[in-house]
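What follows is a short report on a single structure.
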Amino acid sequence: MQALEYEINTLYSSQGQTPFTTVGFGLGTSWIEREIQKAILQIRIEGLGKEKRTAIFPKLVFTIKKGLNFAPGEPNYDIKSLAVDCATKRMYPDILMYDKIVELTGSFKAPMGCRSFLQGWHDENGKEVNAGRMNLGVVTVNLPRIALEANGDTEKFWKILEERLDICREALVFKVNRVKDATPENAPILYQFGAFGKRLEKDQSVDELFKNKRATVSLGYIGLYEVGAAFYGPDWEHNAEAKAFTVNIVKNLWEHCNDWGNEYGYHFSVYGTPSESLTDTFCRLDAEKFGLVPNITDKDYYTNSFHYDIRKPVTPFEKLDFEKDYPKYCSGGFIHYCEYPNLKQNPKALEAVWDYAYDKIGYLGTNTPIDQCFECGFKGEFMPTERGFKCPDCGNTNPETCDVVKRTCGYLGNPQKRPMIHGRHKEIVTRVKHMSLGNDATSAARQG
Ligand SMILES: [Zn+2]
């Protein structure tokens with residue numbers, strides 16, 4: 001595990017990025033499976049290099065399952081405790097709730113990448129298959145723009161949405177057809193040598209691997225919070241009508257996807273786009289078109305998928321209760337996050353949130369301050385400034401001597417090392433400011 005971590009964190013792709021990788025684990029009970037799980041967590045807790053930096057990759061996703069590792073006395077409870085400890089120190093692992101993932105996506109599997117989920121599928125022999133399956137791409141609909149165009153008229157909103165979804169359908173079908181232009185020889189590792197699960201002959205159609213809903217293709221969306229704000233004002237989270245309206249939007253996307261799936265034979269799924277750049281792009285384009293609309297375009301970012309407005313002080317429990325109603329209709333991709341203060345001295349607080357989440361949501365990430373300064377020894381939350389993150393004790397901003405780790409999409413990142421997109425930076429700064437204010441979320445986690 002240590003070799004793998006060093007290998008991945010010192011590799012760069014031709015884009016200059018570390019390869020995005022995710023490791024899912026947590027279910028095995030034999031002695032060797034338990035040893036592997038423990039090693040994954042122990043190595044991550046230990047840190048990279050002599051400075052003990054936080055490893056960014058691979059992303060770790062740990063599965064919690066009742067009867068296996070949920071409560072004291074269960075065979076792998078010790079490993080869950082280690083996972084909790086690891087998350088307080090290194091943010092990962094994110095966690096999957098076994099039963100909820102089965103309920104939402106039709107079978108159990110870890111996400112592909114940061115949050116994309118295959119949907120349950122059986123081959124011609126009735127056998128459940130996940131390995132070797134794939135997603136053919138995503139097209140994201142800009143929901144806040146439709147809300148701004150509708151200008152308070154919900155009927156108009158649904159009408160414009162219908163038109164936009166027709167464009168999305170066309171774009172998704174175009175993507176599928178474009179991929180189908182490939183021949184097995186174009187990418188032999190994928191098509192001929194088994195990476196996609198079945199070995200094709202040179203002259204076979206690659207569609208053999210995609211059709212009959214073996215492949216998924218996704219309709220993404222962004223900015224449900226902004227849509228709610230456009231129709232019901234910025235504080236709509238406790239307004240039942242507003243909540244129902246936003247749930248119905250996701251449900252509407254889901255119904256369209258079901259129809260398209262039956263029409264075209266690929267699994268169209270609804271996906272909460274990670275939007276590491278769309279959060280900025282869509283908002284900027286709409287600010288040009290509609291001006292600075294309070295709580296919508298004036299923030300410089302759109303809120304990810306169904307997430308709670310990050311500017312509000314909210315407890316992890318309230319946040320999960322609010323968000324839990326959406327993934328039922330967007331099982332192609334979803335993740336929830338909760339924000340916490342420094343949890344290193346209080347892992348039980350984090351475990352309390354994990355346990356609370358078990359029957360409610362499928363996939364949960366932890367955001368907690370784990371920055372380190374190697375100049376003065378500070379550990380905690382670096383301060384966001386216009387020019388990057390700064391050590392609150394000695395003012396250090398040098399990426400060589402600080403380890404700043406923030407969640408930049410579904411993945412962690414080192415914002416100090418790579419300049420961030422403006423909107424994403426603003427979103428993280430907003431989040432960090434609320435964490436440092438000692439808001440209700442932090443006190444709840446302390447009590448947790
Ligand atoms: Zn310092």
Checklist entry - Of the residues in region 14-35, how many are exposed (fewer than 14 other Cβ atoms within 10 Å of the Cβ) and either touching a Gly at 6+ places or on another chain (Cβ under 8 Å) or free of Cβ contacts under 8 Å to residues at least 24 places away in the same chain (or both)? => result 8
Checklist outcome for this item: Those residues of region 178-193 which are loosely packed, with under 12 Cβ neighbours inside 10 Å and assigned to a helix (DSSP H, G or I) amount to Arg178, Glu185, Asn186, Ile189
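Are any residues in region 6-42 aliphatic (A, V, I, L, M) and farther than 18 Å from Lys109 by Cα, and if so, which ones?
Ile8, Leu11, Ile32, Ile36, Ala39, Ile40, Leu41
In this structure, does Trp254 turn out to be touching a Cys at 6+ places or on another chain (Cβ under 8 Å), assigned to a helix (DSSP H, G or I), surrounded by fewer than 23 Cβ atoms within 10 Å (Cβ to Cβ) and in the same structural domain as Val139 (by TED's automatic domain parsing)?
Details: touching a Cys at 6+ places or on another chain (Cβ under 8 Å): yes; assigned to a helix (DSSP H, G or I): yes; surrounded by fewer than 23 Cβ atoms within 10 Å (Cβ to Cβ): yes; in the same structural domain as Val139 (by TED's automatic domain parsing): yes.
Taking the combined requirement at face value, the residue satisfies it.
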Item to check | region 276-304 - residue that is surrounded by fewer than 24 Cβ atoms within 10 Å (Cβ to Cβ) and hydroxyl-bearing (Ser, Thr, Tyr) and, of those, nearest to the chain's Cα centre (by Cα) | outcome: Ser277
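Consider region 194-217. How many of its residues are touching a residue at least 40 places away in the same chain (Cβ under 8 Å) and not in a loop (DSSP other than H, G, I, E, B)? Spell out the reasoning first.
Here is the first cut: in region 194-217, the residues touching a residue at least 40 places away in the same chain (Cβ under 8 Å) are 194-198, 209-217.
Narrowing further to those that are not in a loop (DSSP other than H, G, I, E, B): 209, 216-217.
Total satisfying the criteria: 3.
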Checklist entry - Of all residues in region 381-397, which are near the ligand (Cβ under 10 Å from one of its atoms) and of a type outside the set (D, E, K, R)? => result Phe382, Cys391, Pro392, Cys394, Gly395, Asn396, Thr397
Item to check | Pairs, first outside any loop (DSSP other than H, G, I, E, B) in region 218-243, second charged (D, E, K, R) and surrounded by 17 or more Cβ atoms within 10 Å (Cβ to Cβ), C-beta under 7 Å, six or more apart | outcome: Tyr225/Asp309
Checklist entry - Could you give every pair whose Cβ atoms fall below 6 Å, whose first residue belongs to region 366-377 and is part of a loop (DSSP other than H, G, I, E, B) and within 7 Å of the ligand (Cβ to nearest atom), and whose second residue is at pLDDT 90 or above and of a type in the set (D, E, K, R), counting only separations of at least 6 or pairs across chains? => result Cys376/Asp393
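May I ask you to verify whether Trp236 is crowded, with 20+ Cβ neighbours inside 10 Å, under 23 Å from Lys159 (Cα atoms) and at pLDDT 95 or above?
On the way: crowded, with 20+ Cβ neighbours inside 10 Å: yes; under 23 Å from Lys159 (Cα atoms): yes; at pLDDT 95 or above: yes.
Against the criterion (crowded, with 20+ Cβ neighbours inside 10 Å, under 23 Å from Lys159 (Cα atoms) and at pLDDT 95 or above), Trp236 qualifies.
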Item to check | Any strands (runs of 3 or more DSSP E) falling wholly within region 43-158 and containing at least 3 residues that are within 22 Å of Trp31 (Cβ to Cβ) | outcome: 59-64
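The values are calculated or read from the model by the stated rules, or taken from the named source; none is laboratory data. Values in this document were obtained by computation on a predicted structure and should not be read as measured data. Virtual Cβ from ideal backbone geometry, glycine too; neighbours counted across all protein chains shown.
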